[in-house]
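Chemist: This is the structure, below, for whatever I ask next.
The values are calculated or read from the model by the stated rules, or taken from the named source; none is laboratory data. Just so we're clear, the structure is a prediction, and the values are computed from it rather than from any experiment. Note that each Cβ is placed from the backbone with ideal geometry, even for glycine, and that neighbours are counted across all protein chains shown.
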Amino acid sequence: MTERKRPRGVHKDNVIYYNFGAKRDVEDLGADDVVVLGGAMDRTSARTLTPQLPEILRTYPLELADGGRVRRGREYYRDAMVVAFDVREGVLVAEVAGSQNEPFTVTISFPYRSPERLGQIGQMLADSPVKLRKMQEGEFTEDVLELLVKQEHEAFGLRCDCPDSQYCCKHLVAVFLKAADYFFAHPMAIFELRGLNFIELQQQALRIGQQRGVENAEGSEILFWRGKPLPDLPNPAVAPALDDSDLNLLHKALAEVSFATVDTLRAVSELEDLYYELTHLE
């Protein structure tokens, strides 16, 4: 995949923590500046991957760079100035042609993930076969994306050996767009980015599912004949039904079968006396 490699420039890393969810308008960016992932792609037929990795990479520079650098970076991307691009474990490495004879080296570092944490993905796939199917289609749930890419509060580590002192220069903007384009076309490369093999993850999820099936089968015969312990019976509070009744409705009902109001009042009084006697038996 790499066209050529050269030693990285010595640069001191700067890490910025910010709210990725915050929205900020970029100055002087019109509708013509919108980049369509995948080149000349029909926007109506493009797959919806928001907030998948391509969208995260495409919008990330908008939080860091000013409008001029964003516009120049998009021009570099459109003019194919990203002359080399490589996906390594936890890092994207690229070279961008510029005003000097040699291209500038750009690196984008993803937040660190321990092997133990990445191992949770196989467990996630075993817990939800739907996630496995969606991954095969190039779609990732939020919890999987947070493991493979970044959480909202985490930041990418950015480095470019160009003379620009800004944290996110135009060369980085171009590489972010190149990366978004690449992962849009190759969504399963997200596992390569973390040094994982999707086939092995599938096999791990299958082994976990089979082990669970064996454990459930071992106790199924006993459960069939003996069953499980019954839950405790509810113990509701006892409340007189007449106390919760609407006497007005009782009057209306008796009025339909009574000849006079006196008859209705007498009937209600007798019902109340009868209810009292029934509920106060010794």
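Chemist: Is it the case that Ile190 is part of a helix (DSSP H, G or I) and modelled with pLDDT under 85?
Modeler: On the way: part of a helix (DSSP H, G or I): yes; modelled with pLDDT under 85: no.
For Ile190, the condition - part of a helix (DSSP H, G or I) and modelled with pLDDT under 85 - is not met.
Chemist: Six or more apart or on different chains, Cβ atoms under 8 Å: show the pairs whose first residue is in the range 67-87 and under 18 Å from Ser99 (Cβ atoms) and whose second is polar (S, T, N, Q).
Modeler: These pairs meet every condition: Arg69/Gln166; Ala84/Thr2.
Chemist: Which residue out of Leu206, Leu172, Leu201 is assigned to a helix (DSSP H, G or I), at pLDDT 90 or above and in the same structural domain as Leu92 (by TED's automatic domain parsing)? Can you show your working first?
Modeler: Working: Leu206 fails: at pLDDT 90 or above; Leu201 fails: at pLDDT 90 or above.
That would be Leu172, the only listed residue that is assigned to a helix (DSSP H, G or I), at pLDDT 90 or above and in the same structural domain as Leu92 (by TED's automatic domain parsing).
Chemist: Would you tally the residues in the range 103-128 being outside any loop (DSSP other than H, G, I, E, B) and without any contact (Cβ under 8 Å) to a residue 12 or more places away in the chain?
Modeler: So the first thing to find is which residues in the range 103-128 are outside any loop (DSSP other than H, G, I, E, B), and the list is 104-109, 115-118, 120-127.
From the residues that got through so far, the ones that are without any contact (Cβ under 8 Å) to a residue 12 or more places away in the chain too are 115-116, 127.
Qualifying residue count, the range 103-128: 3.
Chemist: Going residue by residue through the range 129-140, is there one that turns out to be touching a Ser or Thr at 6+ places or on another chain (Cβ under 7 Å), crowded, with 17+ Cβ neighbours inside 10 Å and free of Cβ contacts under 8 Å to residues at least 40 places away in the same chain?
Modeler: Yes, the range 129-140 contains at least one residue that is touching a Ser or Thr at 6+ places or on another chain (Cβ under 7 Å), crowded, with 17+ Cβ neighbours inside 10 Å and free of Cβ contacts under 8 Å to residues at least 40 places away in the same chain.
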